[in-house]
Amino acid sequence: MSESSPAFIKLLAESIIKKDCPNFSFVQLEFLGNGSYFVLYMAQSRSILLEIQSKITKISMKKSVEKCLEIFYRFDIQPSLVILCTDKISSSVRSLLSPTLENSHRQMFESTVWAEKYLIILKNAINLSEDESNKLDPLVVFAIYFSDDEMQKQKLRYIGNPIMRDIIKN
């Protein structure tokens, strides 16, 4: 399953936009020099900017803000920014985040000026029972999938997590 597949896009969008989720389409992929990248999805008057980032620092967050502003100026839409953290978050950034009420793996950053929503998804989440691992937030599964953490991926495969099974299948 790639970032541009309809199944991936649907699952991503529905994980972020809970009510009346429109159909999003893949727009653009941009690789950065540090191995991270941005993927832009759009639907009518909404956009999602997905960032795959191994280490989140204040510098990488500034780049995220820059990309959100670029989307705003280009399309006149504030994106929902979702960063899948595949490794670490610096302590200086972690102190700025607060967990969401709906899910402990989702961290929020105040961003009403330059993004509609700003979520950071932590991949270091799987010390759970088999039942909990099968009900993991799809965004956490994506963060694990895009990481280099083969042990976490193997654990999800072993327990038969349905999202990981679909990712492997496609």
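Express in Å², to the nearest 10, the accessible area of L11 obtained by rolling a 1.4 Å probe over the protein heavy atoms while all chains stay in place.
Number for this one is 50 Å².
What accessible area, in Å² to the nearest ten, does a 1.4 Å probe give for D87?
Rounded to the nearest 10, that gives 60 Å².
How large is the accessible surface of R74 in square angstrom, using a 1.4 angstrom probe and rounding to the nearest 10?
Roll a 1.4 Å probe over it and R74 shows about 140 Å².
The values are calculated or read from the model by the stated rules, or taken from the named source; none is laboratory data. Nothing here was measured: the structure is a model prediction, and the numbers come from that model. Note: areas computed on protein heavy atoms with side chains; ligands, DNA, RNA excluded. Shrake-Rupley method; radii C 1.70, N 1.55, O 1.52, S 1.80 Å.
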